[in-house]
Amino acid sequence: GDVAMFESLAINLYLAQTYGKGALWPDDAAGQAQCLQWTLFSVTEAEPPGSTRLVQFIFKSKEERSQEVIDAAAERSKAPLNTLETTLQSQSYLAGDSFTVADLNVACSVEYFVRTNFDLSPWPKVKDWIARCMDRPAFQAMTAIKAKEAA
């Protein structure tokens, strides 16, 4: 039957489990656990400093921005970006060698850094990974839909 949900990352997990078995949702329990782990990481570690930056740079005027808040968010960004960099040193994607819902859900948060021009150069593997995620046709289609809605 129909499932009514809120929380975008949970919706992504549900859709991957329902329609993406063997692709977005790995077949093995270890891969599935990685997808859950990275989704929780996205919400608890990457999203808080990323969304703080988004508020400061996208939703506030230059006069309303707080440099103190921006600096604190930049400092809080280092640990999750270091975790991602370390993981991506030894594999192409977060749950292995192919794009899964783990990448989708973490990219949703890391994209906030890209959108607010955060310097990712100290994290070259993260910079390469998020570029690959954002180059995917589905991401490009979503960006086009958002742009059309905003117009």
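Quick notes on this structure:
- A count restricted to the stretch 99-119 and to residues that are of a type outside the set (Gly, Ala, Ser) and either under 11 Å from residue 9 (Cα atoms) or in a helix (DSSP H, G or I) (or both) stands at 12.
- Which listed residue, of 92, 42, 109, 51, is small (Gly, Ala, Ser) and out of contact with any helix residue (DSSP H, G or I) (no Cβ under 7 Å at 6 or more places or on another chain): 92
- The stretch 117-138, subset under 15 Å from residue 85 (Cα atoms) and of a type in the set (Gly, Ala, Ser), residue most open to solvent (accessible area, probe 1.4 Å): 121
- Verdict on residue 128 being in a helix (DSSP H, G or I), charged (D, E, K, R) and in contact with a strand residue (DSSP E or B) (Cβ under 8 Å, 6 or more places away or on another chain): no
- Of all residues making up the stretch 93-102, the number that are free of Cβ contacts under 8 Å to residues at least 40 places away in the same chain and surrounded by 14 or more Cβ atoms within 10 Å (Cβ to Cβ): 1
The values are calculated or read from the model by the stated rules, or taken from the named source; none is laboratory data. Every value quoted in this text rests on a predicted model; they were computed, and no experiment measured them. Don't worry about glycine lacking a Cβ; one is built from the backbone with ideal geometry, like all the others, and counts go over all protein chains shown. Note: accessible area is taken over every heavy atom of the protein model, side chains too, but ligands, DNA and RNA are not part of it. Shrake-Rupley method; radii C 1.70, N 1.55, O 1.52, S 1.80 Å.
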